[in-house]
Every structure is written in C-alpha cells, then in structure tokens.
Amino acid sequence: MHDFNLAVILQNPEFRAMLIAGAELTLVVAVLSWLLAMLLALVLLTVRLLPSTLAQRAVAAYVSYHRNVPTLVQLMLWYFGISNLLPQGLQDWLNDHDAEAIFAVIALGLCQAAYFSEDMRSGLRAIPPGQIEAARALGHSYVGAMRYVILPQAIRNAIPALVNHTVSLFKNSSLAMAIGVAEMTHMVREVESRSFRTFEVYTVATVFYLVFSLLLMGAGALLARQYRAAAAR
Amino acid sequence: MLDIAHILRDNWLLLLIGQYPYGPLGGIAATLILSVLGISLAFPLSVALALARLSPWAWLRWPVTGLVYGLRGVPLLLIILWTYFLLPVLIGQTVSGFTTMICTLVVYEACYLSEVVRAGIQALPKGQSEAARSLGHGYVRSLRYVILPQALYNMLPSMLSQFITTIQDTTLGYVINVQELTFAANQINNQLLTQPFQVFFILAVTYFVVCFTLTSLAHLLERRVARRRLGGVAALAPEIVDGVVMPAIRSEVP
Amino acid sequence: MIRFAEVNKWYGAYHALRDINAEVRKGEVVVVCGPSGSGKSTLIRTVNRLEEIKSGQLLFDGHDIQSRSNSSAELNRLRSRIGFVFQSFNLFPHLSVLDNITLSPVRIRGEKRAVARQKAMALLDRVGLANKATAYPAQLSGGQQQRVAIARALAMEPPAMLFDEPTSALDPEMVGEVLAVMRGLADDGMTMMCVTHEMGFARDVADRVWFMDEGRILETATPEDFFTAPQHPRARRFLSDLRAH
C-alpha cells in the first residue's frame, strides 16, 4: 500500500474546494429535506388523528410505500420518472435551477416524513390512557389536554427514534449522487479519479460523515437525558 | 397502463434474471441471492459481535462497540466504495462488484443485526441465566441451550425486518454496476428512453410487493411470538429502530 | 350533591350498572365496596362522565352531567368542579410536582401563576409534601405520588371528591399516609365518594356504606350497621371472606 499522505488532498486547492463544495451540498440537502420531512410528518400526524377511516388508510398507505420501496428507487422514480411527467415549461425551469438537488430534497423529505410521522405516532401511543383521563377529569378541554399533557410527552417519547431517523436522513443524502447531485460522496469519487489517492479521499469523507453523525447522536443523547427526569412514571 | 404492460412483456426476463446466460445472473434473482447470502452470513457474525459487546472483557467490548457505532455513522454507499477499494488490495486480485456487495452487506448488516441480538439477550429476565448457571451449566452451555434459543426466537420479527432492510440495501449495488434489479431497470430505461416513469414505476412496485409481503409476514410472526411467550418467561421484545434499541413502542404500519 | 336516578349502563350485552338509585348528600362520606367486577369503579366513573350511562339520570349539584346536550365547555366546567383521584395516580410525568398542581388552576380557571403557586404550596403542606415541590413524579414513592394527586385535585377547589381505589396500587406501608390525608378531608367536611377495600377506613370515616354486587347496590347502611349486622346474604358472604384472610 502506498504511503498515506493527507496533505496531497487537503493542501491542493482544487481538491479542497471540491470536497468543501460536496460537504456544503450534503448539509444543505440534509437540512432542507429534514425541514420538509418534519413539516410533512406533522401534517400526516394531524390527518391520522382525524376520525375518518379514509384519512387513516391514506396515511397508512403513504407510510407503507415509503418504508417498503428502497430510498434509491424513490430518488430515481422522482428524478427520472416523475420529472418526465411534468409540463415542459416546468421541466426547463427545473433544469436551470439544480433539478437534481430539488428532486433529491423532495424525495428524501417525503421518504423520511413517513418515518418521522410513525415515530411521533409511536410517541403518542406510548402515553398511558390514564393521562388523558386525568387531564379531562381535571376539566381540561380536548385541545388543552393535548397541548399541556399529551403532546409534550409524545415529543419526549419520540426523541430517540427521531434522532436516529435524522442520522439516517443525513446518511441517505449520499444516495443523491446516483441522480447526479454533486454532494460529498459524488465529489469523493471525482477527487479520487483525479488524484488517485483513494485511501486519503475516502478517509476525509468518512471523517466528515462520522463527525456529523456522532454530533447528531450526541445531541440526541443530551436531549433524551434532559427529559429523562420527566420521563417514565 | 398499456405502456407498463408492454414494458413488462418485453423485459420480464431481464428483470427476473438479468442477462443470464449471456451475462452474470441479475434482476430479482440477483437481488434475492445477495440479500439471502448477505443476511445468512451476517447472522453468525452478528451473534459473535453481540456476545463481544456483552462480554465482561473491555479489550473485546470497546473495539466492537467502536466498530458498530462507527459503521452506523457512515453511509452504506461510502462503505461499499471502501470495500471495493480495499478488498483487491487485501487479497491481491480484482474483485467483482457482486463479491464486494456480499462482503459489505455481511459486515454492515451484521453490525445492525448484532444490536438486535444484543437487545434480545438483554431483554431476557436475568433469572434465566441465573437458573442455568445454578444448574451447573457453564457460560457457553447456558448461552447455547438456554439464552440464545429464547433471545433469537423473540427477535425473529426484528431479524426479518433487518432482512427486508438488506433487500433494500442491495439497490446500492447499482452504483458499482452490480447487476441486480435496479441496474436491470436502468438498463431498460436507457434502451427505451421515452418511458422513464413507467419503468421506474414497475421497479418501485416490484420492491414494494416483495417488501410489503415480508413485512406482513414479520407482523404475523410478531403476534405469534408474543402469544407463545406471553405465558412463558420472555419479556416483551424491544423494538429496533435503525439498529438502536427503543423502549417498547411499536408501529403497526407494515 | 350527587344523585343517581334509575341509572343503567351496558357494555355491549353485559349489564354493568343495574337500576342504580342513590344519593350522596353534601358533606357526606360514602364508601362503595363489593367484590371485584361488581361495578364499583364503573359507577364512580360515571359521576364525572369518564363512563357514559345508557339510561337514567345523574345529577351533580343539580346539573345533569350525563346529558348529551351538554356542550363540551359545560362538561369541562362541571368536571373541573369534581375532584377525581385515580388508582394509578396519573400524575403528569413531564411536569414537576408544583406544576402538576398549578397547571389546571392557571390554564382552566385563569388564576395568576403566583397565586396558584401559593395555594399549591399550602396544599402540599396539607398533604405533608411541601419539600417535594420541585421534584418530578418519577422521583416519588407511590404513596407520595397519590398524595400529590389528591393535592392536584384539591387545587381546583371542588365541592366533591371522588376516589377510585386510591390505595389499591400502593405497597401496604404507604396506604396509611394516603388514608390519613383522606381522613383529614372528611373531617373538614368534604363531600366524598370512595371506592375502596380499606374496611378500617370505611368503619372510621364513612357516613354510609354502599355494598355493590353484579351492577346493583344491594345494601346501604351506616358503617356500624353494615359491619356488625349486614342484611343481604351476599354482603354477609363478602364480609366473611374479607375476615377469613
């Protein structure tokens, strides 16, 4: 094995710029799809709480689709498939404005929304029924009971799962390279093909992903611990 | 709709078995072989890793814990690239994409699976191992005849879930030109060029059908395991979310 | 204060409450006892409409609480005037003891937080837990949690309190502290309806005992009459079973 020399990669301005650009795009895609996923998950949860069976089935179908179809295939379906169905004007506009990244954000966001909504729903279901009874017995309205008693507990219950799925979302951003998004993993291959320093480049990427994943997991552990005093009865 | 039927009619063989016999085995067959091989080889490794993490020796526990946490923090795609690069270097000859995928899947899935196994072992009441040891069974014996059989049975639904995840992970082979189902679909798309939505729709539906069936099976298994064990000694099997043990909270959507 | 008139309830085909006619007068302490499955818990839960009745009338302080024509605001208002203590305490785990008690006065009755805090501290003092104001439920023992639950119910200043087997989930050594609080409430003239197995409490504190079996109130009597000379054969069997172990 040849000598390990990180400097070749890190001190070369071209390579450095490429890797930084990749890192930035990874973070942008991850953050945007996280926001989309969270928002959509709240919508899904609200719809799920409606008393209509149609609503329940619709949400269940949505979750089922996104959990059973591989994320890579979902990305492809959006970028190659659905984009083709759009009106030509919209397609042109998209092609001028980073279509790949937009579709990646949409696909990843929609996919993770399914997981987030299930996590929140599980968080809700973990609350003992006595809680809502106690709240109603004290005279709180349904909305009041939800706001002061149920939802705060649901969120606390859901935090470990939400954090884990956030880390998954972050890692899934790497799949976007398959549809041409110039994120970190894509850039890694580019730099590798130009520098032939595979080991070093891969190491840089690995460190990047590890650092952020561990940061996220650490933040999650902190959050969970802060709420543990208030957690289980 | 008619387009989809035509595409299926013209390409079903490619989707099913790839370019065999004019090329390597591909399509769904390759996907399933990759998944089954991957998970079955990963299984013994996962038990070993789980036992290592539960062992009383720090020199064994810490590296394994580091490995498991480390692999969980890196995207599978990057790990595949690593393996594709390292394997030829280590064994001195070129390696096919297929072999790379198998090796990666075995190690990757074993890490996640080891969390499942570990959770299963820890969920058993302490009384089980205590009873086994009091009867005079050694550590290995009590593991083999008392602890593992129960833990693994309880965790069957979660292990099946991990198998489903493995099937989904095989799609990443596309990036290193492994000829599995996603690769086959892309081949078809590159030929047709005019009906990408239909092609990828077929791809999505195929995976959905396979995974949904297996997930429903996992749910059935779960109910059966719970029923069988409710009167017995096992505690409620904890849920695994992406390889992390969760408190007893469960989603019912397959 | 609480009046049952021809109250009936079915769970599907199962007749859970049969022709209940009874009254808890203002300032009275009524203990409801009987074998398990007799409908005692169901009965007390109908009073604040945690369970609904199928026929008959249930009046609380003159208001028909079970009427379907009550608006939700009406129902909430009525409920806030009935204190309910659960067998499983049901404290809110994400709030401190003090917040558990002040949440409802502040959010429902619009009390100022500082005032609510003061009143809460006084209540905690009354139940003997003033030093636990900033603790969380998970850090308290069962007996302590139940006493906080009682304080939480009292914070709404209800004219009546309902207790659904308040000590059944407690270890024996903690039962006494909760019963002591309930005894104090009774001495202060609170209208109370208690479902309990604690016969000592019934004998010392209750004004009347209702014996239930199979959904019916079979006997109502003063504690002395009930414990020394029960009339109904099933009541006699129940008491002798109790004494046997």
Do we have C:E198 as of a type outside the set (K, R) and touching a Leu at 6+ places or on another chain (Cβ under 9 Å) here?
yes
Taking the criterion of being of a type outside the set (A, V, I, L, M), within 13 Å of chain C (Cβ to nearest Cβ) and out of contact with any Lys or Arg (no Cβ under 6 Å at 6 or more places or on another chain), would at least one residue in the stretch A:154-164 satisfy it?
yes
Reported set for the stretch B:175-199 where residues are in contact with a Phe, Trp or Tyr (Cβ under 9 Å, 6 or more places away or on another chain), over 18 Å from A:R67 (Cβ atoms) and facing another protein chain (nearest Cβ under 7 Å) is B:N189, B:P196, B:F197
When you look at B:E109, is it within 14 Å of chain A (Cβ to nearest Cβ), charged (D, E, K, R), under 30 Å from A:V69 (Cβ atoms) and in a helix (DSSP H, G or I), yes or no?
no
Looking only at the stretch B:71-91, count how many residues are within 8 Å of chain A (Cβ to nearest Cβ) and out of contact with any Gly (no Cβ under 9 Å at 6 or more places or on another chain).
10
Can you find even one residue in the stretch C:92-99 that is within 20 Å of the chain's Cα centre (by Cα), surrounded by fewer than 22 Cβ atoms within 10 Å (Cβ to Cβ) and modelled with pLDDT of 90 or more?
no
Let me spell it out: the conditions are (1) assigned to a loop (DSSP other than H, G, I, E, B); (2) at pLDDT below 90, and B:V74 meets all of them except one. Which number is the exception?
(2)
Among residues belonging to the stretch A:110-125 that are crowded, with 20+ Cβ neighbours inside 10 Å and of a type outside the set (A, V, I, L, M, F, W, C), point out the one that is farthest from the other protein chains (Cβ to nearest Cβ).
A:Q112
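For A:A107, indicate whether it is buried (at least 24 other Cβ atoms within 10 Å of the Cβ), within 14 Å of chain C (Cβ to nearest Cβ) and part of a helix (DSSP H, G or I). Write out each step before concluding.
Working: buried (at least 24 other Cβ atoms within 10 Å of the Cβ): yes; within 14 Å of chain C (Cβ to nearest Cβ): no; part of a helix (DSSP H, G or I): yes.
In short, no.
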Taking B:V95 and the conditions (1) part of a helix (DSSP H, G or I); (2) under 21 Å from B:Y108 (Cβ atoms); (3) modelled with pLDDT under 90, which numbered condition does it fall short on, given that it satisfies the others?
(1)
Residue among B:A110, B:A123, B:A131 that is touching a residue at least 24 places away in the same chain (Cβ under 8 Å) and either closer than 15 Å to B:N154 by Cα or out of contact with any helix residue (DSSP H, G or I) (no Cβ under 6 Å at 6 or more places or on another chain) (or both):
B:A123
Can you find, within the stretch A:126-135, the residue that is surrounded by the most Cβ atoms within 10 Å (Cβ to Cβ) among those that are at the interface with another protein chain (Cβ under 7 Å from one of its Cβ atoms) and assigned to a helix (DSSP H, G or I)?
A:A134
Failed condition for A:H66, given (1) of a type outside the set (S, T, Y); (2) within 14 Å of chain B (Cβ to nearest Cβ); (3) over 18 Å from the mean Cα position of the chain (by Cα):
(3)
State all residues of the stretch C:14-45 that are hydroxyl-bearing (S, T, Y) and either part of a strand (DSSP E or B) or crowded, with 23+ Cβ neighbours inside 10 Å (or both); if no residue qualifies, say none.
C:Y14, C:S38
Taking the stretch C:116-142 and keeping residues touching a helix residue (DSSP H, G or I) at 6+ places or on another chain (Cβ under 8 Å) and hydrophobic (A, V, I, L, M, F, W, C) leaves C:A116, C:A120, C:M121, C:L123, C:L124, C:V127, C:L129, C:A130, C:A133, C:A135, C:L140
State all residues of the stretch B:200-209 that are touching a Leu at 6+ places or on another chain (Cβ under 8 Å) and at the interface with chain A (Cβ under 8 Å from one of its Cβ atoms); if no residue qualifies, say none.
B:F200, B:F201, B:L203, B:A204, B:Y207
Considering every residue within the stretch A:136-148, establish whether at least one is in contact with a strand residue (DSSP E or B) (Cβ under 8 Å, 6 or more places away or on another chain), more than 8 Å from chain C (Cβ to nearest Cβ) and either buried (at least 21 other Cβ atoms within 10 Å of the Cβ) or at positive phi (or both).
no
Subset of the stretch B:55-70 [surrounded by fewer than 16 Cβ atoms within 10 Å (Cβ to Cβ), more than 9 Å from chain A (Cβ to nearest Cβ) and either assigned to a helix (DSSP H, G or I) or modelled with pLDDT of 90 or more (or both)]
B:A58, B:W59, B:L60, B:R61, B:W62, B:P63, B:T65, B:G66
With criteria (1) within 14 Å of chain C (Cβ to nearest Cβ); (2) charged (D, E, K, R); (3) surrounded by fewer than 19 Cβ atoms within 10 Å (Cβ to Cβ), A:D92 comes up short on (1)
Looking at A:A126, A:A161, which one is touching a strand residue (DSSP E or B) at 6+ places or on another chain (Cβ under 9 Å) and not acidic (D, E)?
A:A161
If I ask for residues that are part of a loop (DSSP other than H, G, I, E, B) and surrounded by fewer than 18 Cβ atoms within 10 Å (Cβ to Cβ), which ones from the stretch C:61-80 would you list?
C:D61, C:G62, C:S67, C:R68, C:S69, C:N70, C:S71
Would you mind telling me which numbered condition in (1) in contact with an Asp or Glu (Cβ under 6 Å, 6 or more places away or on another chain); (2) surrounded by fewer than 21 Cβ atoms within 10 Å (Cβ to Cβ) C:Y11 fails?
(1)
Take C:L50 and decide whether it is farther than 30 Å from C:T134 by Cβ, facing another protein chain (nearest Cβ under 9 Å), in contact (Cβ under 8 Å) with a residue 12 or more places away in the chain and not basic (K, R).
yes
Residue list for the stretch C:100-118, filter: crowded, with 18+ Cβ neighbours inside 10 Å, within 11 Å of chain A (Cβ to nearest Cβ) and in contact with a Ser or Thr (Cβ under 8 Å, 6 or more places away or on another chain)
C:S104, C:I108
Going through the stretch B:10-40 one residue at a time, which ones are in a helix (DSSP H, G or I) and either of a type in the set (G, A, S) or touching a Cys at 6+ places or on another chain (Cβ under 9 Å) (or both)?
B:G27, B:A29, B:A30, B:S35, B:G38, B:S40
Of all residues being within 17 Å of A:L35 (Cβ to Cβ) and touching a residue at least 60 places away in the same chain (Cβ under 8 Å) in the stretch A:153-180, which is surrounded by the most Cβ atoms within 10 Å (Cβ to Cβ)? Just the residue, please.
A:A176
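The values are calculated or read from the model by the stated rules, or taken from the named source; none is laboratory data. Quick caveat, the model's predicted, so the values are computed rather than measured. Reconstructed Cβ throughout: ideal geometry from the backbone, glycine too, with neighbour counts over all protein chains shown.
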